[in-house]
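Below is one structure; the comments refer to it alone.
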Amino acid sequence: MAGSAPAPAQAQSVTVQVWLTPDLAGATAFADAVSTPGGAGYRHYLSPNAYTARFGPSAARIKAVTDWLTQQGLKQVRLSSGHDYLSATGAVTKLTVPSSLAADVLGVTGLGGSGSDAAASATPAIAAPTCAQFWGQHVQSFQPAYKGLTKGSLPICGYSAAQMRAAYGATSANTGKGVTVALTENASPTAMFTTLTDYAKANHLPAPRSDQFRKIESGSECGATPASSTRHTSADVAPSGPPVDDEAEMDSEAVYALAPDANQLMVVADGACGDEDQSLIDATLSVLLGEGARPSATIVSNSWQISLGMEPAPVMHAIDLRAAAEGVGMYFVSGDTPGLTMTGSDRYATVVGGTTLGVGAKGERVFETGWSDDSATLDGGKWDSEGVGGGGGGTSLDFGQPRYQKGVVPSSMAQVQVGGKTVDNRAVPDIAADGDPDTGMLIGFIQTGTDAEPGPYQTLPNAGTSLACPLVAALVADAEQGQGSAFGFINPLLYRLAGTPALHDVLPVSASAPQQDRAAFTPAADGSGPSLDVFGTTTPGAGQQVLAKGYDTITGLGTPNGSAFIDGLRKGSGR
C-alpha cells in the first residue's frame, strides 16, 4: 500500500497510476444502503459522474499528490476522468509515498510485475483422446484400485449449450434481454462476433444480432484514461496475432449459452504500458465510468485473478465500492488453485467458485460436487497422487465479516487468527457453477492463419472458475431481465436466499454413490499413462477450504437452481 511497491531491476520509462483515496466511509454507507433489500435507499444508485462528485477525492488531495509526483520528476501527470487515480510517466523503479500523503493514496500500480492469471491452467492442451458426450456414457474399469475405486467415467468432451441450459434451468422465458454484461479480458480474440455466430449455429441458438456484441480496448495508450478507449464494432477484423488462449471466447459463449439475448460488452485490457495487472484493473474501471451519465454495463464478469500481495488491495476495494454505489455487480473468479486471491476476497465482490458437474443423457443433473480433485497418475503399476487441486476459496485475513454473511457462514469457516486474536472475517466464494476441466464446456474459437486471415471455426473443451463466473453472470442477467432497476451488488440479497430452493446445496460425494460418479478416468494416450481425478477430495489441515452442507469455502452458498433462483432474486427485495 502506502510504502514501496515491487519494481523492475532497471530504471525505464513507465506509466504509473497513483490511486487516490475517496470518501471511503461515505461510499461504504451508501453502497450498503443501495444493496440491502428493504431499506429506503435500496437500488437508488448513483451515476458515474454523481459518484465522483459525491465521494471522489477532494481538490486539495488531488493537488497534494500532483505536486508530489511533479517533485519526483514524473511527467505528464494526468487526472483520470473519474478522479480515481493520477497517471504519470517517468524512469522510476520505486515510488515511496511519504507519510504526509499516506491517507491520500490507496496504492501505486504500474511499476512492473504481474500477478494476474486468466486461469489458463484449467485449459487442456489438446482435446482428450477419449471422452464422453454426457456423464456416464463411457465407464472405464482400472487396476490397481485407488482410494477404494476401480471404476471411473471418461471426462466430458465438452458440454453443449443445451446441456448447460438444462443443468442450470435456463428457459426461453428469461434470456437476459435488455441487460448488458461486460467481460473484461487480457487478450483480444480473433473475429469474436463471427465465432459467436458460429457457436450459436452449432448449438441451435438464435444468431446474435449485429448490435448485440461490442468490443472496446481499454487504455490503449500509456497514460490514457479509460474514457479515451478505442471502440470497435461487431464487424471487427482479425487482430494481427493469434489469441493467447480461448479465454475470451469461453466468457462470451458461456454468457450466450445461458443468456442469448443479453448484450455483451467485451473490454480488452491493452498491456502496451507493460503492466497486465494495471491494464485489467483499468478495464474494470472503464465499465464503471461509462460515458459519465451511466455505467456501460450492470454486470461485470472478471475471469482473471491477481494474487495476494501483487497489487494494493485497497485499490480493488475502492473500485468494487464504486461499482456497488452505481448499481453494478462485480463478479470475480475464486481462482483455479486452492486458497485466496486479491481480486476474489473483497466484501463488495461476488466471488464465484467451481463445481464438478455430471450432466446425464437427458440433460439431468446426475451429481454436482465441489471442484476439489485428488489427481493421480499410473506409474510402474501403482497410482502416484499429484495432490489436491481445484477452485479457490477460504477466509480473508484482511477483511472483516460483512453483515450479509453473519448467521449464514458458520464460525468454523469464518474464524481466523489475526494479531493473536480470533476474529470472524470475510469467507469466499459466495456462489459457484461448473468449473472442473473433467466436466467442462465445449468452446468454439477461430485462430488467425499464416495469411493473417481468420481460419476455420474449431472447438475445444475448457473450464475453470473462468467458466463458472460468466455462467453465474448470465443467470443473473436472466433474472435482471424486465426489472425496473439493476440488481447491482447482489450479495446482501443472495445470502437471504441461503437454504431456500433458489440455491442447490453442493455436497461432498457420498461414499455410497456409484464409483463412476466419484472419479474421472483418462486412458493412456500419446506417451502419457492413465490418470485419475477423484472428486470432492479435501485434505485436513490444507488451508481453510472445506465442502459441507450449507455454506462452504469451495462452493459458497451453492449453485443457481433454475427458475427458483431467478424468482428468488426478483422477489428478494420484499424479503
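Give the residues of the stretch 348-378 that are under 19 Å from the mean Cα position of the chain (by Cα) and assigned to a strand (DSSP E or B), sorted by residue number.
Selection gives Thr350, Val351, Val352, Gly353, Gly354, Thr355, Thr356, Leu357, Gly370, Ser372.
Would you check which residues across the stretch 321-336 are under 21 Å from Arg43 (Cα atoms) and either buried (at least 24 other Cβ atoms within 10 Å of the Cβ) or in contact with a helix residue (DSSP H, G or I) (Cβ under 6 Å, 6 or more places away or on another chain) (or both) and list them?
Matches in the stretch 321-336: Leu321, Arg322, Ala323, Ala324, Ala325, Glu326, Val328, Gly329, Met330, Tyr331.
Could you say whether any residue in the stretch 351-360 is touching a His at 6+ places or on another chain (Cβ under 8 Å) and assigned by TED's automatic domain parsing to the domain that holds Tyr495? First the steps, then the outcome.
Taking the stretch 351-360 first, the residues touching a His at 6+ places or on another chain (Cβ under 8 Å) are none.
Within the stretch 351-360, not a single residue is touching a His at 6+ places or on another chain (Cβ under 8 Å) and assigned by TED's automatic domain parsing to the domain that holds Tyr495.
Taking the stated definitions as given, is Gln458 without any contact (Cβ under 8 Å) to a residue 40 or more places away in the chain and touching a strand residue (DSSP E or B) at 6+ places or on another chain (Cβ under 9 Å)?
yes
Identify, please: which residue in the stretch 195-235 is of a type in the set (Asp, Glu) and in a loop (DSSP other than H, G, I, E, B) and is, among those, modelled with the highest pLDDT?
Asp211
Can you pull out every residue in the stretch 18-72 that is charged (D, E, K, R), surrounded by 13 or more Cβ atoms within 10 Å (Cβ to Cβ) and closer than 22 Å to Gly90 by Cβ?
Hit for the stretch 18-72 is Arg61, nothing else.
Tell me the residue from Pro437, Pro429, Pro454, Pro410 that is modelled with pLDDT of 95 or more and over 24 Å from Met164 (Cβ atoms), please.
Among Pro437, Pro429, Pro454, Pro410, only Pro410 is modelled with pLDDT of 95 or more and over 24 Å from Met164 (Cβ atoms).
Mind checking which residues of the stretch 236-272 are in contact with a helix residue (DSSP H, G or I) (Cβ under 7 Å, 6 or more places away or on another chain) and at pLDDT below 50?
Correct list: Asp236 only.
Just to be sure I understand, how many residues within the stretch 395-441 are surrounded by 15 or more Cβ atoms within 10 Å (Cβ to Cβ) and part of a strand (DSSP E or B)?
Count: 17.
Evaluate the stretch 515-528: report whether one residue or more is surrounded by fewer than 16 Cβ atoms within 10 Å (Cβ to Cβ) and acidic (Asp, Glu).
Looking for residues that are surrounded by fewer than 16 Cβ atoms within 10 Å (Cβ to Cβ) and acidic (Asp, Glu), one finds at least one in the stretch 515-528, hence yes.
Of the residues in the stretch 362-394, how many are surrounded by fewer than 16 Cβ atoms within 10 Å (Cβ to Cβ) and at positive phi?
Qualifying residue count, the stretch 362-394: 4.
For the subset of the stretch 79-94 comprising residues that are surrounded by 16 or more Cβ atoms within 10 Å (Cβ to Cβ) and more than 30 Å from the chain's Cα centre (by Cα), which member is farthest from Leu289 (Cα to Cα)?
Residues of the stretch 79-94 that are surrounded by 16 or more Cβ atoms within 10 Å (Cβ to Cβ), as a first pass: 79-90, 92.
Keeping just the survivors that are more than 30 Å from the chain's Cα centre (by Cα) gives 89-90, 92.
On the way: Thr89: 23, Gly90: 26, Val92: 29 Å.
If we take residues in the stretch 79-94 being surrounded by 16 or more Cβ atoms within 10 Å (Cβ to Cβ) and more than 30 Å from the chain's Cα centre (by Cα), then Val92 is farthest from Leu289 (Cα to Cα).
When the residues of the stretch 449-485 are narrowed to those that are over 19 Å from the mean Cα position of the chain (by Cα) and β-branched (Val, Ile, Thr), which ends up farthest from Val351 (Cα to Cα)?
Among them, the one singled out is Thr450.
Six or more apart or on different chains, Cβ under 6 Å: which pairs go from a residue in the stretch 30-52 that's small (Gly, Ala, Ser) to one that's assigned to a loop (DSSP other than H, G, I, E, B)? Could you list them?
Pairs that qualify, where the first residue is small (Gly, Ala, Ser) and the partner is assigned to a loop (DSSP other than H, G, I, E, B), are Ala33/Gly39; Ala33/Gly41; Ser35/Gly488; Ser35/Phe489; Ser47/Ala293; Ser47/Arg294.
So for the stretch 514-524 (the condition being closer than 24 Å to Asn561 by Cα, in contact (Cβ under 8 Å) with a residue 40 or more places away in the chain, outside any loop (DSSP other than H, G, I, E, B) and basic (Lys, Arg)), does at least one residue qualify?
no
Would you pick out the residues in the stretch 379-414 that are among the polar types (S, T, N, Q) and under 25 Å from the mean Cα position of the chain (by Cα)?
Answer for the stretch 379-414, where residues must be among the polar types (S, T, N, Q) and under 25 Å from the mean Cα position of the chain (by Cα): Thr395, Ser396, Gln401, Gln405.
Is there a residue being part of a helix (DSSP H, G or I) and not β-branched (Val, Ile, Thr) anywhere in the stretch 289-308? Break it down into steps so the answer makes sense when it comes.
First, the residues of the stretch 289-308 that are part of a helix (DSSP H, G or I): 289.
Retained after the next criterion (residues that are not β-branched (Val, Ile, Thr)): 289.
Within the stretch 289-308, one or more residues are part of a helix (DSSP H, G or I) and not β-branched (Val, Ile, Thr).
The values are calculated or read from the model by the stated rules, or taken from the named source; none is laboratory data. This one's a predicted model, so the numbers in the text were calculated from it and none came from an experiment. Cβ: placed from backbone, ideal geometry, glycine included. Neighbour counts: every protein chain shown.
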